[in-house]
1. Somewhere in segment 125-135, is a residue loosely packed, with under 15 Cβ neighbours inside 10 Å and in contact with a Leu (Cβ under 9 Å, 6 or more places away or on another chain)?
2. Could you list all residues from segment 17-55 that are open to solvent by less than 40 Å² (accessible area, probe 1.4 Å), modelled with pLDDT of 95 or more and within 19 Å of ASN96 (Cα to Cα)?
3. Within segment 56-97, restricting attention to residues that are farther than 21 Å from THR24 by Cβ and in contact with a Lys or Arg (Cβ under 9 Å, 6 or more places away or on another chain), which residue is least open to solvent (accessible area, probe 1.4 Å)?
4. With respect to VAL8, determine if the residue is hydrophobic (A, V, I, L, M, F, W, C) and either touching a Cys at 6+ places or on another chain (Cβ under 9 Å) or in a loop (DSSP other than H, G, I, E, B) (or both).
5. I'd like the full set of residues that are under 28 Å from PRO81 (Cβ atoms), among the charged types (D, E, K, R) and touching a residue at least 24 places away in the same chain (Cβ under 8 Å), limited to segment 18-46.
6. Suppose we keep only residues that are of a type in the set (D, E, K, R) and in a strand (DSSP E or B) within segment 24-82. Which one would you say is farthest from the chain's Cα centre (by Cα)?
7. Which ones in segment 112-154 are part of a loop (DSSP other than H, G, I, E, B) and under 25 Å from LYS30 (Cα atoms)?
8. Is it the case that THR100 is among the hydroxyl-bearing types (Ser, Thr, Tyr), within 30 Å of LEU175 (Cβ to Cβ) and either assigned to a loop (DSSP other than H, G, I, E, B) or open to solvent by less than 70 Å² (accessible area, probe 1.4 Å) (or both)?
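The values are calculated or read from the model by the stated rules, or taken from the named source; none is laboratory data. Here the structure is a predicted model, which is why all the values come from computation and not from measurement. Positions of Cβ are generated from backbone atoms using ideal geometry, with glycine treated the same way; all protein chains shown enter the neighbour counts. Surface accessibility is based on the protein's heavy atoms, side chains included, excluding ligands, DNA and RNA. Shrake-Rupley method; radii C 1.70, N 1.55, O 1.52, S 1.80 Å.
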Amino acid sequence: GTSAKTTVTLWVDTGLTVVVKSPTEGGYYKGSAPVEVNATQPKFAITSVTMALGQGSAVPLMQTSKGVYRGSIDFNSFVPPLEGEQLLTVCAYDENGIQTAVVRRFVSDDTGPSIAGTSPAIGVMIGSVIAIKATVDDPAGVDASSVVAVVGNGDRNFEVALVLPAAGGKTYSNLFDTTKLPSYALFPTISFRARDVLGN
């Protein structure tokens, strides 16, 4: 009836904790996207942290400090250059071969805002004070300070900053006094310009 017992301590490997700091989910990037990953595993050593774009091969990320791994995605290094929504997969492995994967979607954007609904329309007779309008939109966001209309006839131009109304929306407008134009400017032109928050 003699008995004996012993206790064995076991560590259960539940994988790593991986947080992708950059790129942000649904974020817009121009030219390149920085990659920053925080990976932690309190009980076992981390052996590697990699990233892969779409169906491409995995590329190791460089550890810059404890638990922090960094890299970069150069959109122009791909043929053709990356454009539109991209899928990034980050994988981290510990010494037991346990893998933790995180997927992140972001957008490569090198296209400027769309400009539509411009006013006055082509061929319209103008005179005195006119209202200049344009509907400007961009999924990354419009740099409101960049929206302008350039009015002129070639040798003399006037830049008119277009602004949003207090109620918001996407239609930028402002007034312009056409009497500022020289008398010989019978066929003036209006050029609308804008950039997004990325600089496109």
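1. yes
2. If the condition is that a residue be open to solvent by less than 40 Å² (accessible area, probe 1.4 Å), modelled with pLDDT of 95 or more and within 19 Å of ASN96 (Cα to Cα), then VAL18, ALA39, VAL49, THR50 are the ones that fit.
3. Ranking the qualifying residues of segment 56-97, first place goes to ASP94.
4. Working: hydrophobic (A, V, I, L, M, F, W, C): yes; either touching a Cys at 6+ places or on another chain (Cβ under 9 Å) or in a loop (DSSP other than H, G, I, E, B) (or both): yes.
Criteria met by VAL8.
5. Residues satisfying the conditions are GLU25, LYS30, GLU36.
6. So in segment 24-82, the residues of a type in the set (D, E, K, R) come out as 25, 30, 36, 43, 66, 70, 74.
Keeping just the survivors that are in a strand (DSSP E or B) gives 36, 70, 74.
Values: GLU36: 16, ARG70: 18, ASP74: 14 Å.
Checking each candidate, the answer is ARG70.
7. Initially, segment 112-154 is screened for residues part of a loop (DSSP other than H, G, I, E, B), giving 112-113, 120-128, 138-141, 143, 147, 153-154.
Across segment 112-154, the qualifying residues are GLY112, PRO113, ASP138, PRO139, ALA140, GLY141, ASP143, VAL147.
8. Details: among the hydroxyl-bearing types (Ser, Thr, Tyr): yes; within 30 Å of LEU175 (Cβ to Cβ): no; either assigned to a loop (DSSP other than H, G, I, E, B) or open to solvent by less than 70 Å² (accessible area, probe 1.4 Å) (or both): yes.
No, not satisfied.
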